[in-house]
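First the structure, in the form of structure tokens, and then the observations on it.
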């Protein structure tokens, strides 16, 4: 199972367009080679380096999606209309949707984690990352990640 983006390669810098210094739109994402039996996908984008990579204190959640159809193959840049059936979770800005990198200090790592599930989850009513991970327990049959980095220009 693989997740990739045409905007940046694994372990490389995320272009400013996808951050608070740009248009803060989601990058294009694509996935391939899902395991047999995949009924839905979940996507969690988070930053384990908050607030300072030299002294991280928390993981900041940027985007949560679940019940992505296994058949759609990815998401376009700046996705507005999510695939049918897709549900959103609440990020650490206390809202749904994508929130791009905006690190206060240093170069942070942003993990785009894709999970293949053997089920379609019930409506979790805009879950946090922890609630989604709890609901996914016992249902993850594959996972892949794409790592991007970002540091503010100024």
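Things to note:
- Count of residues meeting criterion [surrounded by 14 or more Cβ atoms within 10 Å (Cβ to Cβ) and either more than 16 Å from residue 132 (Cβ to Cβ) or modelled with pLDDT under 95 (or both)] in region 46-70: 8
- Top-ranked residue in region 1-14 [being touching a strand residue (DSSP E or B) at 6+ places or on another chain (Cβ under 6 Å) and either crowded, with 16+ Cβ neighbours inside 10 Å or without any contact (Cβ under 8 Å) to a residue 60 or more places away in the chain (or both); ranked as nearest to residue 114 (Cα to Cα)]: 3
- Scanning region 20-41 for residues that are surrounded by 21 or more Cβ atoms within 10 Å (Cβ to Cβ) and not in a strand (DSSP E or B) yields a count of 2.
- The single condition from (1) closer than 11 Å to residue 63 by Cα; (2) within 13 Å of the chain's Cα centre (by Cα) that residue 132 fails is (1).
- The residues of region 15-48 that are closer than 21 Å to residue 67 by Cα and without any contact (Cβ under 8 Å) to a residue 12 or more places away in the chain amount to a single one, 36.
- Residue list for region 87-101, filter: under 7 Å from residue 62 (Cα atoms), free of Cβ contacts under 8 Å to residues at least 60 places away in the same chain and under 11 Å from the mean Cα position of the chain (by Cα): 91
- When residues in region 71-81 are screened for being surrounded by fewer than 21 Cβ atoms within 10 Å (Cβ to Cβ), in contact with a strand residue (DSSP E or B) (Cβ under 7 Å, 6 or more places away or on another chain) and either closer than 17 Å to residue 96 by Cα or at pLDDT below 95 (or both), 0 of them pass.
- For region 136-154, a residue qualifies if it is free of Cβ contacts under 8 Å to residues at least 24 places away in the same chain and on the phi < 0 side of the Ramachandran plot, and the qualifying residues are 137, 139, 154.
- Only one of the listed residues (145, 126) is in contact with a strand residue (DSSP E or B) (Cβ under 7 Å, 6 or more places away or on another chain) and not in a strand (DSSP E or B). That residue is 126.
- Matching residues, region 51-70, being over 16 Å from the mean Cα position of the chain (by Cα) and either touching a residue at least 24 places away in the same chain (Cβ under 8 Å) or under 17 Å from residue 97 (Cα atoms) (or both): 51, 52, 53, 54
The values are calculated or read from the model by the stated rules, or taken from the named source; none is laboratory data. Computed from a predicted structure; not experimentally measured. Please note: Cβ atoms are built from the backbone with ideal geometry, for glycine as well, and neighbour counts cover all protein chains shown.
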